[in-house]
1. Please verify whether segment 288-307 includes one or more residues that are of a type in the set (A, V, I, L, M), modelled with pLDDT under 90, under 26 Å from Ile147 (Cα atoms) and not in a loop (DSSP other than H, G, I, E, B).
2. Being outside any helix (DSSP H, G or I), of a type in the set (D, E, K, R) and out of contact with any His (no Cβ under 7 Å at 6 or more places or on another chain) narrows it down to one of Arg86, Arg91, so name that one.
3. Select, from Ala74, Ala69, the only residue that is at pLDDT 95 or above, farther than 26 Å from Ala246 by Cβ and part of a helix (DSSP H, G or I).
4. Would you check which residues across segment 129-160 are in a helix (DSSP H, G or I) and more than 30 Å from Ser61 (Cα to Cα) and list them?
5. Being within 22 Å of the chain's Cα centre (by Cα), more than 24 Å from Asp223 (Cβ to Cβ) and of a type in the set (A, V, I, L, M, F, W, C) narrows it down to one residue among Ile76, Ile51, Ile63; which is it?
6. Output the number of residues of segment 121-147 satisfying the condition of being surrounded by fewer than 17 Cβ atoms within 10 Å (Cβ to Cβ), in contact with a Leu (Cβ under 9 Å, 6 or more places away or on another chain) and closer than 28 Å to Ala65 by Cβ.
7. Across segment 111-120, what is the total count of residues that are exposed (fewer than 13 other Cβ atoms within 10 Å of the Cβ) and in contact with a helix residue (DSSP H, G or I) (Cβ under 9 Å, 6 or more places away or on another chain)?
Amino acid sequence: MDTGLLVTQLLNGLQLGVLLFLLASGLTLVFGIMDFVNLAHGAIYMLGAYIAAKLTLALGSFILAVALALPIVAVIGLILERFVARPLYRREHLDHMLATFGLLLVLDSLAQIVWGPDSVSVPLPLWLRGQVTLTSGIELPAYRVVIVASGLVIAAALYWLVNHTRIGMLIRAGASNRTMVSALGINIDLLFAGVFAVGAVLAGLGGMLIAPITDAAINMGNDIIITAFVVIIVGGVGSMKGAFVAAMLVGLIDTMGRSYLDGLLKLFMPLTAAETAAPALAAMLIYILMAAILALRPQGLFPPKTR
């Protein structure tokens with residue numbers, strides 16, 4: 001086995017895991033904690049990518065573009081929370097899904113009207129285009145290493161915020177009993193608006209980070225949002241720790257399966273059959289994982305603590 005290829009694929013799996021975590025952590029805050037199903041979360045991922053891409057082309061700096069795009073996405077999140085999500089908090093999940101699916105279609109159409117149907121390439125600064133040398137013969141793309149490192153830092157910060165701060169305590173309490181928290185003098189609408197905006201920023205940041213690799217494109221969030229829902233189901237709905245562990249697990253399983261499953265199948269079946277079956281089976285692996293978790297541990301790997 002080629003060690004260099006194995007390490008590269010592991011890094012690719014971790015990179016996918018980080019992007020899934022950014023999406024899943026936002027879903028965990030909005031769905032798992034606030035009990036609001038937001039199918040338009042993937043569209044915010046797409047908007048983040050497009051806004052960062054256009055700002056990069058206009059300003060000539062990817063880093064500056066991301067710094068400016070984050071508050072713009074936060075404002076978009078606040079607007080969506082106020083006029084779409086807030087009137088639906090006390091409604092059934094089916095109402096959430098219908099409204100946010102319609103919002104998803106609207107945002108995709110608006111993006112196509114504003115930026116056109118073509119994808120947008122995002123140039124990276126020179127210092128992010130190089131390679132990081134681990135050992136002789138093993139080099140990793142510097143930007144992918146930055147993505148993984150950024151995801152680890154954000155994961156640690158979110159875990160601390162949700163589990164070890166007063167704001168995190170209020171978020172969890174507000175999700176459990178809005179009336180009681182409001183009676184204690186907490187502006188629950190403002191609190192939930194802030195949570196929704198943070199979730200939007202996390203999704204937008206995921207789109208910004210992947211745009212230099214895959215380009216910003218219409219509908220780019222529609223497929224990955226399904227995988228993000230798989231992540232929060234596997235990890236445990238409402239658990240930030242579960243979202244992180246499940247995202248890394250799903251990212252590695254998906255990447256390694258697509259890279260090595262065909263070679264494994266060739267040991268047990270004819271070459272043609274293995275090459276035909278491997279892509280389909282690789283695409284199914286994460287759903288097989290989800291089905292197994294639901295059968296053996298329906299609450300997920302790391303369900304949130306309840307009293």
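The values are calculated or read from the model by the stated rules, or taken from the named source; none is laboratory data. Because the structure is a prediction, the values reported are computed rather than measured. All Cβ positions, even for glycine, are placed from backbone atoms using ideal geometry, and neighbour counts span all protein chains on display.
1. No: segment 288-307 contains no residue that is of a type in the set (A, V, I, L, M), modelled with pLDDT under 90, under 26 Å from Ile147 (Cα atoms) and not in a loop (DSSP other than H, G, I, E, B).
2. Selected residue: Arg91, the only one of Arg86, Arg91 that is outside any helix (DSSP H, G or I), of a type in the set (D, E, K, R) and out of contact with any His (no Cβ under 7 Å at 6 or more places or on another chain).
3. Ala69
4. Matches in segment 129-160: Tyr159, Trp160.
5. Answer to the check: Ile63.
6. 6
7. Result for segment 111-120: 1.
Let's see how each residue does on (1) surrounded by fewer than 20 Cβ atoms within 10 Å (Cβ to Cβ); (2) under 29 Å from Val181 (Cα atoms):
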site: Thr8; (1), (2): yes, no
site: Lys54; (1), (2): yes, no
site: Gly60; (1), (2): yes, no
site: Ala69; (1), (2): no, no
site: Ala74; (1), (2): yes, yes
site: Leu94; (1), (2): yes, yes
site: Leu104; (1), (2): no, no
